[in-house]
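Here is the structure we will look at.
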Amino acid sequence: MTTDRFNFAGKSIGFREGQSIAAALTEAGQRVLRQSAKGENRGMFCGMGVCQDCLITIDGLPNQRACMTPAAFGLEIEPQIAFPQLNQMPVPPTATPAQILEPDVAIIGGGAGGLSAAIAARKAGSSVLVMDERKVAGGQYYKQSASHPPLDAQQAEGATLLKHAQESGAEIMGSVEIWGAFDGPLFLADVGGAALVVRPKTAIIATGAYERPRMVPGWTLPGVMTTGAAQTLWRSYRTTPGKRVVVCGSGPLNVQVALELAQGGSQVVMVAETASAPWQHPWISLKAITADPGLVFKGIGMMRELKRQSIPLRHQTSLHTIEQVEDGLRATFKTASGSEFSETVDVICMNDGFEPQNEVLRLLGASMTYDGAMGHLRCDRDRRMETSISNLFAVGDCAGLGGAPAARDEGTIAGRAAAARAGFGSAQDSYPEDRSLARHRNFQNYLWKLHDVRPKLPDTSAPETIVCRCEEITLGEILDGLETSPGHAGSLKRATRVGMGRCQGRYCGPVATRLVAQITGKPIEDLSHFAPRAPIKPIAISSILAAQEALDDPE
């Protein structure tokens, strides 16, 4: 029930307890949150603080992310303009002196892998600090709500995991923005405007992944969002993204979210899947059933539910263009035969696979290997999940996509190993989770073969397609830049400004890397990508200064 209100662009907006500003605005039908430098309207896209496209001005302070900021009574919020006048902004509050923490094991990321690692490390007797961006830990798979009971078995499983982690004695800090990672290891973060310096004996990185979009003309329009963003609105805030929705791309998440949105009251016009139907690949389907029959039959159940609810599932159908029309967004699709058709909806949800969120690992120098089949970097690890950097472990999708069940096993293994490195318990060469982990990885391997998650380059026949959301660099501008600076993604960045925006190339970077590889014929490897740099997330200068003061004078 809506009980409180804030103001947005002169309008009074109601919100429910626990809602983010983005969720409250979406529920009110307000999708335009800011204007780009070229005057284009933008709205929420990723829903997890990665894309930086839902920026708003709160009580005069610009550059606040609507998807990560809780709604509060009486806030005065304005749409973000591209370049705020500095002399018109209030003076930001001075950061309090930095807090310095020195746990035995520091875990970055409170999802399936991070929470499992915390439980295992605490059982071994070590002190544990878990730091997560979200107010409530649980990660993108479990998507916990701060004010609602679990929707289903998946969310209930996450609630139980979080409860066990809390009861283990691990310290779990929410709303933590990690912006720096250095040798030691040493982590610098911001917690609600306060600086945090963390010096652990060992560290486990469990930062997960973010969704890979389909870059087509119009994909930056308000109302276009990732499938995961739509799921966050519903699972975390009980807010549907719109009345009429189309879900497109490839992967099981699309079907799951389509059903969840239908449960919430949205009319799901269609699920467009770029891959062919699973029954056209009987051998791979049989292998998947053998690897994990429970998950396969769960997937079959979702297909049946789509049919029961009369939600069309169209295979070998891909998003082609999006345009703003008077009554919403017109999405045009292409089929395998080359025919086209359009649907007019309020919201377009897209998921074309995932990219590991590996900036912290790369910043620390962990060795990576490019996975050509999945189109992303995989972190090199041993059986204990330790990276090429001593005392640094990586679990879950940040090290290479493997799914939540595998992340839990990896977390348990890494938690024990990290605690042993810190002097608690003993390191083992094998773990009870090894067999389970192999089974989960085997299933994921066959699952991805049934979907079309290979990286796709934008259609060169549409040079107007925006590739870099932040800097509004088009495909045509990048192709022109490749003619003058074809050697490396870094030189392309200098020639075009691609990847120089607030999200630091998280969406355009992989595309730039693939385009360079295509032009030069060189294989893609770790050093082919944009180099991560601190701060890896936009942060207040006051917080950086407070951290520096603590490092200069730790007493």
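The smallest convex shape that holds all Cα atoms of the stretch 159-255, its convex hull, gives 187 Å³ per residue. Taking the square roots of 5 times each eigenvalue of the Cα gyration tensor of the stretch 441-555, largest first, gives ellipsoid semi-axes of 31, 22, 14 Å.
Extension gain for residue 426-residue 367 works out to 18.7 nm (0.36 nm per residue, less the C-alpha to C-alpha distance).
For an R0 of 51 angstrom, estimate the FRET efficiency from the Cβ-Cβ distance between residue 335 and residue 552 and round to the nearest 0.05. Walk me through the intermediate numbers first.
Details: r = 62 Å, r/R0 = 1.22.
With a Förster radius of 51 Å, E is 0.25.
Among residues other than residue 221 with Cβ under 10 Å from its Cβ, the summed charge is 0 (Lys and Arg +1, Asp and Glu -1). Annotation: aspartates and glutamates with alpha-carbon distance below 16 angstrom to residue 334 (same-chain offsets under eight excluded): 273, 323, 343, 352, 452, 459. Once phi is turned into ³J(HN,Hα) by the Karplus curve 6.51 cos²θ - 1.76 cosθ + 1.60 with θ = phi - 60°, what whole-Hz value does each residue of the stretch 465-479 show in order, with x for glycine and proline? Computed from phi, the couplings for the stretch 465-479 are 4, 6, 9, 9, 4, 5, 8, 6, 8, 8, 4, x, 5, 5, 5 Hz.
Net charge of the neighbourhood of residue 48, taken over other residues with C-beta under 15 Å away and scored Lys/Arg +1, Asp/Glu -1, is +2. Placing +1 on the Cβ of every Lys and Arg and -1 on the Cβ of every Asp and Glu, with nothing else charged, gives the stretch 466-524 a dipole about its Cα centre of roughly 300 debye. Normalised by 2.2 N^0.38 Å, with N the number of residues, the alpha-carbon radius of gyration of the stretch 466-524 equals 0.97.
Calculated FRET efficiency, residue 436 to residue 171, Cβ-Cβ distance, R0 = 30 Å: about 0.60 to the nearest 0.05.
Cα-based values for the chain, radius of gyration first and Dmax second, are 22.6, 69 Å.
For a quick protection proxy, order the peptides 173-183, 225-235, 276-286 by their average other-Cβ count within 10 Å, most packed first. Mind dumping the intermediate values first?
Values: 173-183: 19.1, 225-235: 26.6, 276-286: 13.4.
Descending packing order for the listed peptides: 225-235, 173-183, 276-286.
Taking the Cα centre as origin and putting +1 on Lys and Arg beta-carbons and -1 on Asp and Glu beta-carbons, what dipole magnitude results for the chain, to the nearest 20 debye? Present the calculation step by step, with values, prior to reporting the outcome.
Values: 54 positive and 57 negative charges, 245 e Å.
Dipole about the Cα centre, nearest 20: 1180 debye.
Think of the stretch 4-88 as a dipole: +1 on every Lys or Arg Cβ, -1 on every Asp or Glu Cβ, centred on the Cα centre; then among 36, 67, 23, 36 lies furthest on the positive end.
Compute the Kirkwood hydrodynamic radius of the stretch 4-88, taking the inverse of the mean of 1/r over all pairs of distinct Cα atoms, and give it in Å to one decimal. List each step's numbers first, then the result.
On the way: mean 1/r = 0.0790 Å⁻¹.
For the stretch 4-88, inverting the mean 1/r across all distinct Cα pairs yields 12.7 Å.
Each stretch of four or more DSSP H residues adds -39500 (n - 2.57); spread over every residue of the chain, this sum gives -9500 deg cm²/dmol at 222 nm.
What FRET efficiency comes out for residue 243 versus residue 304 if R0 is 35 angstrom and r is the Cβ-Cβ distance? Round to the nearest 0.05. Please report the intermediate quantities before stating the final value.
Working: r = 25 Å, r/R0 = 0.71.
For residue 243 and residue 304, the calculated efficiency is 0.90.
Pairs from the table (143/456; 11/135; 243/307; 143/163; 123/201) lying more than 22 angstrom apart at Cα are 143/456; 11/135.
Between the amide H of residue 172 and those of 130, distances stay under 5 Å, these residues lying 5 or more places away or on another chain, with hydrogens modeled in the peptide plane.
In this Cβ point-charge picture (+1 for Lys and Arg, -1 for Asp and Glu), the stretch 214-352 has a dipole of about 400 debye about its Cα centre.
Around residue 75, what is the net charge, scoring Lys/Arg as +1 and Asp/Glu as -1 over all other residues with Cβ under 12 Å from its Cβ?
On the way: positive: 5; negative: 4, 59, 76, 78.
So the environment of residue 75 carries a net charge of -3.
Between the stretch 201-280 and the stretch 371-410, the C-alpha centres lie 24 angstrom from each other.
The numbers here are math on the coordinates, done by the rules we state, and not lab data. These figures come from a predicted structure and were not determined experimentally. When we count neighbours, we look across all protein chains shown, and the Cβ atoms used for this are built from the backbone with ideal geometry, even at glycine.
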